[in-house]
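Written out below as structure tokens is the structure these notes cover.
The values are calculated or read from the model by the stated rules, or taken from the named source; none is laboratory data. None of the values given here were measured: they were computed from a predicted structure. Glycine gets a Cβ as well: all are built from the backbone with ideal geometry, and neighbour counts include every protein chain shown.
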Amino acid sequence: MTPQLQVADYTRISDDAAILCRRRDFPRAVNVLQRRDPDRRRWRQAFRSLAVAGDHNLEGSRRRWFEGAIQELVLGVPDTALRRELALDAVEYDTTWDFAEALPCWSARDLWNLAESVQLPMSYLAQVTTLPRSIRETIHTARVVVDCRRTAEAHRALALELSQSLAPTAMIDEVRGCADDRTLAALAGVRSQQDAARRWRELGHRLLSPAG
């Protein structure tokens, strides 16, 4: 008989979950998370491991049971912000689990209005995320938020890359009026990318705010 894994509360929940997922002992892995208070570090990491492993390995009735179990886990988290981040994690890690109840519900028209409020044309959104065909249809909030965050990070990374070509005194030279055209153009490019990152982050943030 295979010895059962003894899970103690003083062990790291992320380690416990990883071991149980490798053994495909999903009921016990779910139980481990149920017994611990949710937090943004190890509990969240354990949830990610569980969600990904279950999505990759379960079928049929076991999959249906698991889906109900992790939905109960997510929706039972008392911290609203953490509950929403768990729903986003499921999308970011490319699982098929849907925790729409943990997030605000928006229509494509709502998204249009929110995008306009941060000066992002819908044509830009259509290039980075999947949108419904009708303006009245509900968007996949988690997918849109994750894509907004990824786009913001891409702009931030580009701003950092562009800033590498600047001299340490570039901004001081600009203020003093002695910066050359190349430096001014580079500074403008950096600021443009930083502003784009800010707008995409802000849109993602507004999509997570309660719908009015």
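Take the conditions (1) modelled with pLDDT of 95 or more; (2) farther than 19 Å from Arg48 by Cβ; Leu160 misses just one of them, which is (1). When the stretch 53-108 is filtered for residues that are in contact with a Lys or Arg (Cβ under 8 Å, 6 or more places away or on another chain) and of a type in the set (Ser, Thr, Tyr), the ones remaining, listed by number, are Tyr93, Ser107. Cβ-Cβ contacts under 9 Å between residues 6 or more apart (or on different chains), taken from a first residue in the stretch 105-134 that is closer than 16 Å to Pro210 by Cα to a second residue that is among the aromatic types (Phe, Trp, Tyr) and part of a loop (DSSP other than H, G, I, E, B), are listed as Leu114/Trp106. Note on the stretch 78-108: residues that are touching a Phe, Trp or Tyr at 6+ places or on another chain (Cβ under 9 Å) and either over 26 Å from Pro132 (Cα atoms) or exposed (fewer than 15 other Cβ atoms within 10 Å of the Cβ) (or both) amount to 1.
Checked against (1) without any contact (Cβ under 8 Å) to a residue 24 or more places away in the chain; (2) out of contact with any helix residue (DSSP H, G or I) (no Cβ under 9 Å at 6 or more places or on another chain); (3) assigned to a helix (DSSP H, G or I), Pro168 meets all criteria but (3).
Counted as qualifying within the stretch 34-119 are the helices (runs of 4 or more DSSP H) with 1 or more residues that are within 17 Å of the chain's Cα centre (by Cα), namely 42-57, 60-75, 80-92. With respect to (1) farther than 19 Å from Asn113 by Cα; (2) modelled with pLDDT under 85, the lone exception for Gln193 is condition (2).
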